[in-house]
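Structure first, then comments.
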Amino acid sequence: MILSALRKSLLEKARAWAKAEGLPLPENLTLGAPPAHVAADISLPWPMAVAKSARKNPLEIARSLAKSFEGVLEIESVYACAPGFVNIKLTDSALRANLKAITLTPETYGHDEAAGSTPSVLIEFVSANPTGPLHFGHARGAAFGDSLVRILRRLGRKVEAESYINDAGRQIELLGLSLMARYQERLGQPAQIPEGGYHGNYLKAIAAEIKNGEKWKADDFNNFAMDRILKEQQRDLQTFRVHFDHWYHETGLHGSGAVQKVLERLKEYDMAYEKDGAIWLGTASQEGDDKDRVLVRSDGRPTYFLPDIAYHLTKIERGYGLIIDIWGADHHGYVPRMTAAMAALGHPPQQYKALIYQLVHLFRGEETVRMSKRSGDIVELREVADEVGVDACRFFFALRTPNSHMNFDLELAKKQSSENPVFYCQYVHARIGSIFKEAAKQGILGTDEPLPGPNARFLNSPEEKALMVKMAWFPELLKSCEKELSPHPLANYIMELAGLFHPFYEKCRVVDPANAEVSRARLLLCTGVRDVIREGLGLLGVSAPEQM
RNA sequence: GGGCCCGUAGCUCAAUGGAUAGAGUACGUGGCUUCGAACCACGGGAUCCGGGUUCGAUUCCUGGCGGGCCCA
């Protein structure tokens, strides 16, 4: 973890320096990756940031600061650069040590030492209605949430993934009635799917499994339909490599009296009030919401909002320090409401985050595909995963910020899948696999032999150094993902790392019996790249194949 | 009508307020008797428009234009 160690030493030096200079002490130092034309590994823009308040020329600050960094263990050279950067080149030995750290414990490289003190996190995502199969619209949220969970876990945070199941209410009655209609249809009886019911073919398939349905009551149809649909959803998510620690059922809230309890709690806190016979929550005080919201209608029926608050109260009560909801943009209007509700329950506002991802614009050629479960015109997650592949699909999502409005052409998706950048990254992994096979064949290094450390001194071409520096950034990238609460910086990083490997491969012959020591050193480098690519792809739910 | 998000290369997208705005793909030209050419090298191509803040704006503020979503 060369960069976090470096940041620590630099901050120490910089604070001592600032104190002596009478400048404001830096709280933190941002390490940046300089652009390609700059001959440096690390860059600090800090002098420019303080130049104004210090009333000094940023370049002079940078010069002076750079001087104070001389002698830091990991630094080969340090210099100031206009308009006010401090640029740093790392020593070969620091890079070598980092490379060894990767290859020794690749599965924990990137772990944050300070993770122990952070609160436990609950991330809720997908939470699809149990009234039909998962459609492609769910895929983005599923990939987003699952990758985020994996990355936070990799950093060492305590994270749990949860999906909420809306298995109560009118929609379930409609589902049961729709299934009943399909069943009667199967028996040749006249049947009508109710108004607002579900017309998808999946209910025909479920109806075909029913035995002795003539004795069933409404609840039996409800439960049978939900059970089958949930199993399908869970199977699809498994295929998509999305894992949940908990499935939380709404019915459990009603059964346990949690809904009633949260209402009493809100009244007790003086957050809920009665007006026109209904019970309201004062959400309008929350920025973004323009009016208060009804919790219980004047006829005594709760709105869908109330059980949702009850559900979120259980998240607080279960002891999570940070509560994250991941919703599609079609629910963004819900954010201020739930934020207000969490605040009303006394949960610290900075410990609740609702993340919104933009919906995927799906089309075939020129034609937009609308997702409507009720009409039955849906593109299932499973279909796309089967046709395009889980790897290509997940990497495609992982590359984009959740805020991007993506276009996804189903017609081109399959064609494009062979051009998907994921293969560019996976190819690196497969290529390295071949290199090791060749090395074993040539007797350079048995695959089980311990890797040599000191030989890394032979790694001094620009291509090799670029790879080592890039790998040193991996732990920082994971932290960026945490800061932005998005996996997309990692996916883009993997692309860049892969982009550095291919030219290395062209210029640097790895397996060469005439230069066994260089070969071993390069094999060590390859091991590091392979590990970082494999771990990185793994965090995105993408496989790292030995062969393609 | 109000709110949230977005507008970057032909296309799909990157870029904690930083240096010469990057990739993939498409297009053009080269490169396999040597570890996988699913690759590499080179080339042309881009910040929606107008103001403002800043030493510095794709990024922040503001007014338009265009699109997605939610609400009334």
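Since every read-out is calculated from the coordinates, none of them should be taken as a lab result. What you see is a predicted model; the values in this text were computed from it and never measured. In this analysis, Cβ positions are derived from the backbone assuming ideal geometry, glycine residues included, and neighbour counts consider all displayed protein chains.
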task = Within 10 Å, count the other beta carbons around each residue, average over each peptide in A:532-540, A:156-164, and list them highest first.
result = A:532-540, A:156-164
key: Relative pair counts by distance (%), Cα atoms of region A:20-154, 10 Å bins   = 10, 25, 23, 22, 13, 6, 1
message = On a straight-distance basis, which lysines could pair with A:LYS56 in a cross-link, Cα separation under 19 angstrom, same-chain partners fewer than 8 positions away excluded?
response = A:LYS19, A:LYS67
inquiry  = Quick check: Cα centre of region A:103-121 to Cα centre of region A:273-330, how many Å?
reply    = 35
key: Spatially proximal aspartates and glutamates relative to A:LYS275 (Cα-Cα < 15 Å; intrachain offsets below 8 disregarded)   = A:ASP292, A:ASP299
Cα centroid separation - region A:172-228 against region A:23-99, whole Å = 68
key: Spin-label model distance (nm) - A:VAL518 vs A:SER434, 7 Å beyond Cα toward Cβ   = 2.1
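Please figure out what share of the DSSP beta bridges in chain A is antiparallel and state it in percent, rounded to the nearest 5.
Working: 22 of 43 bridges.
Here the antiparallel bridges make up roughly 50 percent for chain A.
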key: Distance in nm between pseudo-label sites at A:ASP270 and A:ALA16 (7 Å out along the Cβ direction from Cα)   = 5.5
query = List the lysines whose alpha-carbon lies under 20 Å from that of A:LYS217, not counting same-chain residues fewer than 8 positions away?
reply = A:LYS204
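Any idea what % of Cα-Cα pairs in chain A are farther than 44 Å? Please report the intermediate quantities before stating the final value.
On the way: 47179 of 149878 pairs.
Tail fraction, whole percent: 31.
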Rg/Rh ratio calculated on Cα atoms of region A:508-548 (Kirkwood radius) = 1.13
message = For A:LEU295, what residues show an amide H to amide H distance below 5 Å, using hydrogens built from the backbone and excluding near sequence neighbours?
response = A:ILE279, A:TRP280, A:LEU281
request  = Just name one of A:ALA62, A:TRP280, A:LEU6: the one whose Cα is farthest towards the positive end of the charge dipole of chain A (beta-carbon charges, Lys/Arg +1, Asp/Glu -1).
outcome  = A:ALA62
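Can you tell me the order of A:127-137, A:510-520, A:267-277, A:315-325 when each peptide is scored by its average per-residue count of other Cβ atoms within 10 angstrom, highest first? Could the numbers behind the result be given before it?
Numbers: A:127-137: 21.3, A:510-520: 16.0, A:267-277: 12.5, A:315-325: 18.0.
Packing order, densest peptide first, comes out as A:127-137, A:315-325, A:510-520, A:267-277.
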request  = Return the long-range amide H neighbours of A:ALA272 (sequence gap of 5 or more, or a different chain), with a cut-off of under 5 Å between placed amide H atoms.
outcome  = A:LYS267
task = Mind computing the radius of gyration and Dmax over the alpha-carbon atoms of region A:2-90? Å is fine for both.
result = 11.8, 34
key: Longest to shortest principal axis, alpha-carbon extents of region A:266-377, angstrom   = 56, 36, 25
